[in-house]
Amino acid sequence: MNLERLEQTWRELNQIGYSDKGVMRLAYTPQERQAVRRLAAMCEARGMSVRMDASGNLIARREGQQPHLPAVASGSHLDAVFEGGSYDGIIGVVAAFEAICSLDDQGIVTKHPIEIICFACEESSRFGVSTVGSKAMIGELDIDGVAGLTDRDGKTFRDALSECSLNGWPLTEAARAADDLKVFLEMHIEQGPVLENADIQVGIVHGIAAPTRLQVRIQGKASHTGTTPMDQRQDAFLAAAEIGLILEAAALAEKEHGTVGTVGVCVVKPGAMNVVPDTAELKIDIRGTHVSSKTTVLNKLYAGFRQVEAKRGVKVEWTMLSAEQPVLLSEEVTQSLEESCQALGVSYLKMASGAGHDAMNMARRWPTGLIFVPSRDGVSHHREEYTSWEQIGVGASLLEAEIKKWAVVLEADGRPKYEDNERTQPEQMGESA
Ligand SMILES: [Zn+2]
């Protein structure tokens, strides 16, 4: 692995859309597409075959000695949130590209083909829908659902795609067969403070937490702040505050399972200094990889709604906005990554991801591994996002070692260089217990 070249590749791609305010490479915009085309040209210059699928995923392939075998794939995304950071997504793409360069340097032939996949529209910033490319690749994109979504300028998803002169509808063509890939490996920034605080080099993700989201409406009674005695109020804000604390206590009690709960939105009405609030609307996000732990938090919250109603004379109504199942990543890949860390002398932590990634979708179809590198102060989706080149280099070395294992490096006589990391059957992937 050549860290200087890796940084150079990153610089070349990241300058597209870069500004002092942050990176502007929203999905399917000219900047994002330009970056993807630049990457495609880099891959072609290395003799890789390059194609774009109907959803805008770029797939660059380094042929293996046995081209009919399933490919070892690695990648991430080049799109960014509005005024985003310089590391989210892009470093996973750059690390996969560097692994290819490094194999070329070493004149390595692998038994399996290797693919770099640059996913389209991973971020939800433009159309409110995330990981579009990987959903399309596993054939689980709600195509009718996304077609009419609009961005802040009123442009539809469908129009945005045709402006990119993508192959056009139908997106079903992006779906790939189960035997196309052997494994998918993604490197990504952690986007949280855990690795930095523990002074650990990489995270090996065993599961990706899925959000359960609720919208809660509390109906109290508006009254005059000066004339309504404290014990005769139906204050919607205080009820909301109490619900927030109930959620905090419930999630704290599940700390060992890593379940987290957040009230991210609280709108209090009528919003006047001299009126006791009569309504409060909350948006609540609960995440975890442990299904029963998440359920425990949710049930405590529901019970809390009834307690608050009884105590404060308010009415609490809620709607479930989403309740996705957490995804567990392949144990075989996770274990293989641990062994690679041990062989390389890299410190690692097995951890859950609180954020969604393309790996989450890929794991539903193929054995999948996700490597985290530390994020300074846990900052992400912001221009202050930062990971040092040394830290990125450690992750990229691990990725390269892992790609070599799965792709099976061959000696000059065509025999596997070391024990063949072969499996006959993809293991059962699925929801967590
Ligand atoms: Zn990302």
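Values quoted throughout were computed directly from the atomic coordinates according to the rules given, and no laboratory measurement underlies them. Treat the numbers as computed from the prediction; the structure is a model and nothing was measured. When we count neighbours, we look across all protein chains shown, and the Cβ atoms used for this are built from the backbone with ideal geometry, even at glycine.
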Exercise. For the range 160-195 and the range 45-81, what is the separation of their C-alpha centers, rounded to whole Å?
Worked result: 10
Exercise. Mind checking the angle between helix 331-344 and the chain's longest principal axis? C-alpha axes, 0 to 90 degrees, to the nearest 10.
Worked result: 70
For this session: Would you please put 396-408, 233-245 in order of how densely packed they are, using the mean number of other Cβ atoms within 10 angstrom per residue and starting with the highest?
Result: 396-408, 233-245
Exercise. Hey, rough spin-label estimate for K21 and A412, points 7 angstrom out along Cα→Cβ, what's it come to in nanometres?
Worked result: 5.8
Exercise. Among G264, L214, P229, which residue has its Cα positioned farthest towards the positive end of the charge dipole of the range 210-323, with +1 placed on the Cβ of Lys and Arg, -1 on the Cβ of Asp and Glu, and the dipole taken about the Cα centre?
Worked result: L214
Exercise. So what's the angle, to the nearest 10 degrees on a 0 to 90 scale, between helix 291-312 and the longest Cα principal axis of the chain?
Worked result: 20
Exercise. In the range 95-126, which residues have a backbone nitrogen under 18 Å from the label point lying 7 Å from W389's Cα in the Cα-to-Cβ direction?
Worked result: 95-99, 101-102
For this session: Measure nothing fancy, just the Cα-based angle from helix 90-105's long axis to the longest principal axis of the chain, in degrees from 0 to 90, nearest 10.
Result: 10
For this session: Work out, step by step, the length gained on full extension between E44 and N274: first 0.36 nm times the residue separation, then minus their alpha carbon distance; give nm to one decimal.
Result: 76.1 nm
Seminar exercise, completed: Expressed in Å to one decimal, the Kirkwood Rh of the chain from all distinct alpha-carbon pairs is 23.1
For this session: Compute the normalised compactness of the range 280-351: alpha-carbon radius of gyration over 2.2 N^0.38 Å, N being the residue count.
Result: 1.77
For this session: Take every Cα pair under 8 Å in the range 210-323 that's 6+ residues apart, average their separations, divide by the length, and report that relative contact order as a whole percent.
Result: 44
For this session: Select from F97, A177, V146 the residue farthest towards the positive end of the dipole of the range 50-188; place +1 on Cβ of Lys and Arg, -1 on Cβ of Asp and Glu, and compute about the Cα centre.
Result: A177
Exercise. Charges only on Cβ, +1 for Lys and Arg, -1 for Asp and Glu: so what's the dipole of the range 210-323 about the Cα centre, in debye to the nearest 20?
Worked result: 160
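Estimate the FRET efficiency between Q232 and R5 by the formula 1/(1 + (r/R0)^6), using the beta-carbon distance for r and 60 Å for R0, to the nearest 0.05. Provide the component values of the computation, followed by the final result.
On the way: r = 71 Å, r/R0 = 1.19.
Step by step, r from the Cβ atoms, then E = 0.25.
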Exercise. In vacuo Debye scattering of the range 210-323, one point per C-alpha: log10 I(q)/I(0) at q = 0.12, 0.20, 0.22 Å⁻¹?
Worked result: -0.42, -0.97, -1.11
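Hey, could you get me the Stokes-Einstein D for the range 326-398, Kirkwood radius over alpha-carbon pairs, 37 °C and 0.692 mPa s, rounded to whole µm² s⁻¹?
Values: Rh = 13.6 Å.
Estimated via Stokes-Einstein, D reaches 242 µm²/s.
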